[in-house]
Amino acid sequence: MPVANNPRELSVSLVAVPESSAAIVYGLHEIFSCVGTAWENLTGERNESRQMKPRIVGMSDQPMQSGFGATLVADHTFDEAHHSDIVIVGDLNLEPGAELRGRWPQVIHWLRDQHDHGAIICSVCTGSIMLAEAGLLDHHEATTHWSAVDIFKRCYPHVRLKAEKILVPSGTAHGIVTSGGSASWTDLALYLIARFCGAEEARRTAKIFLIGDRSDGQLPFAAMVRPKQHDDSVITACQEWIADHYASANPVAAMAEQSGLTARTFKRRFKSATGYAPLDYVQTLRIEEAKQMLETSGQAIDDIAALVGYEEPNSFRRLFKRTTGISPHQYRVRFKAIGRV
């Protein structure tokens, strides 16, 4: 895979042609722009993740009406010399019976060149037709929108179509990745983020954009909001202490003792400085740590409860469900699989 100018920055090119869906192009652009930055801005949690730099590439840099009516504006053109780490062709609005042979010659040449230089070539929905037209899917497994199956049978018989699948990585070192219906662009985005920036960053992105099962509302996606910025050095010292000792017994009393303040004064100053009551702050830290363990490990839930400071597992389960809206087991199932195929 090519190395971007910044080793922490991944270059992502989003193809824009008149048939493109602007919603998917701009949606992918926004999500990738937030990788490595948005989580720290929202929560204050330090983020060392690799960042992604999306750009829209089109025939010209002039505004263009897309196939679904919205306007697309490219950042760069196909004539410019630039090799990407990832290229994505989004959903294409194609008229019934459209002639596909010989369509998009400039884009096809550019796609092949990007592929030859090591770019990961991806598609969303009917964008796989452009990849097939470029010959990049020949003798490889791929998926597409269910409505395009007949097109593949008629025009691209050498593609091993798996239309029942949502996401199909194929080719040498999974250098080609196709995704199914138009809504599958979020699955593709999380897969790419997990693959190149880590599963933890993919989970963070899913939480920021509420990607996935939203039947239980927003609580399962919520994280500890960045505490207020303040200049109370006594409370800052308490925050630093509790970050390492949140699982200790009677943590609020211990912080008050550390501060040298009376219990009442400590609680008042802590709430004023951070925006959290001390007990809420501790419980939120504990639940956030439990989430991390549920997402990344196979430890038993009772063991996780003990590790974050709850001797009684049922108390932990009740607090976890009150905080997140779902049980620890449901949370593990929902978030541990994000970014996987």
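The values are calculated or read from the model by the stated rules, or taken from the named source; none is laboratory data. Note that this is a predicted model, so its numbers are computed, not measured. Cβ: placed from backbone, ideal geometry, glycine included. Neighbour counts: every protein chain shown.
Only one of the listed residues (THR178, THR126, THR172, THR143) is in contact with a Lys or Arg (Cβ under 6 Å, 6 or more places away or on another chain) and hydroxyl-bearing (Ser, Thr, Tyr). That residue is THR143.
Restricting to region 281-290, give me the number of residues that are under 21 Å from the mean Cα position of the chain (by Cα) and crowded, with 22+ Cβ neighbours inside 10 Å. Outline the logic, then answer.
First pass over region 281-290, keeping only residues under 21 Å from the mean Cα position of the chain (by Cα): 288-290.
From what's left, crowded, with 22+ Cβ neighbours inside 10 Å: 290.
Qualifying residue count, region 281-290: 1.
Can you find a residue that is part of a helix (DSSP H, G or I), of a type in the set (Lys, Arg) and at negative phi anywhere in region 209-230? No; the residues of region 209-230 include none that is part of a helix (DSSP H, G or I), of a type in the set (Lys, Arg) and at negative phi. Is one or more of the residues making up region 217-226 of a type in the set (Lys, Arg) and buried (at least 18 other Cβ atoms within 10 Å of the Cβ)? No, because not a single residue in region 217-226 is of a type in the set (Lys, Arg) and buried (at least 18 other Cβ atoms within 10 Å of the Cβ).
Looking only at residues in region 111-146 that are over 27 Å from the mean Cα position of the chain (by Cα) and not charged (D, E, K, R), the one that is surrounded by the fewest Cβ atoms within 10 Å (Cβ to Cβ) is HIS139. Considering ILE151, ILE121, ILE88, the condition of being at pLDDT below 95 and in the same structural domain as SER170 (by TED's automatic domain parsing) is satisfied by ILE151 alone.
Name the single residue, out of those in region 1-15 being within 18 Å of LEU192 (Cβ to Cβ) and assigned to a loop (DSSP other than H, G, I, E, B), that is modelled with the highest pLDDT. It comes out as ARG8.
Output yes when any residue across region 42-59 is modelled with pLDDT under 95, out of contact with any His (no Cβ under 9 Å at 6 or more places or on another chain) and acidic (Asp, Glu), and no when none is. Within region 42-59, one or more residues are modelled with pLDDT under 95, out of contact with any His (no Cβ under 9 Å at 6 or more places or on another chain) and acidic (Asp, Glu). In region 77-88, of all residues being in contact (Cβ under 8 Å) with a residue 40 or more places away in the chain and surrounded by fewer than 18 Cβ atoms within 10 Å (Cβ to Cβ), the one that is farthest from HIS174 (Cα to Cα) corresponds to HIS82.
Yes or no, residue by residue, for (1) buried (at least 19 other Cβ atoms within 10 Å of the Cβ); (2) of a type in the set (Gly, Ala, Ser); (3) modelled with pLDDT under 95:
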site: ALA243; (1), (2), (3): no, yes, yes
site: ALA249; (1), (2), (3): no, yes, yes
site: GLN258; (1), (2), (3): no, no, yes
site: GLY275; (1), (2), (3): no, yes, yes
site: LEU279; (1), (2), (3): no, no, no
site: GLN292; (1), (2), (3): no, no, yes
site: SER297; (1), (2), (3): no, yes, yes
site: ALA305; (1), (2), (3): yes, yes, no
site: VAL308; (1), (2), (3): yes, no, no
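Residues of region 99-119 being out of contact with any strand residue (DSSP E or B) (no Cβ under 7 Å at 6 or more places or on another chain) and closer than 20 Å to ILE151 by Cβ, which ones?
Step one: list which residues in region 99-119 are out of contact with any strand residue (DSSP E or B) (no Cβ under 7 Å at 6 or more places or on another chain), which gives 99-106, 108-110, 112-113, 116-118.
Result: GLU99, LEU100, ARG101, GLY102, ARG103, TRP104, PRO105, ILE108.
Could you say whether any residue in region 248-255 is within 34 Å of the chain's Cα centre (by Cα) and farther than 30 Å from ASP213 by Cα? Reasoning before the result, please.
Narrowing region 248-255 to residues within 34 Å of the chain's Cα centre (by Cα): 248.
Of the ones still in play, those that are also farther than 30 Å from ASP213 by Cα are 248.
Yes, region 248-255 contains at least one residue that is within 34 Å of the chain's Cα centre (by Cα) and farther than 30 Å from ASP213 by Cα.
When the residues of region 93-113 are filtered to those that are of a type in the set (A, V, I, L, M) and modelled with pLDDT of 95 or more, the one that is nearest to ILE193 (Cα to Cα) is LEU111.
Taking (1) over 30 Å from THR205 (Cβ atoms); (2) assigned to a helix (DSSP H, G or I); (3) not hydroxyl-bearing (Ser, Thr, Tyr) in turn, ASP244 satisfies each apart from (1).
Taking the conditions (1) surrounded by fewer than 17 Cβ atoms within 10 Å (Cβ to Cβ); (2) under 30 Å from ASP187 (Cβ atoms); (3) modelled with pLDDT under 95 in turn, SER327 satisfies each one other than (3).
Among the residues of region 142-170, those that are touching a strand residue (DSSP E or B) at 6+ places or on another chain (Cβ under 7 Å) and within 20 Å of VAL87 (Cα to Cα) comprise ALA142, THR143, THR144, VAL159, ILE166, LEU167, VAL168, PRO169, SER170.
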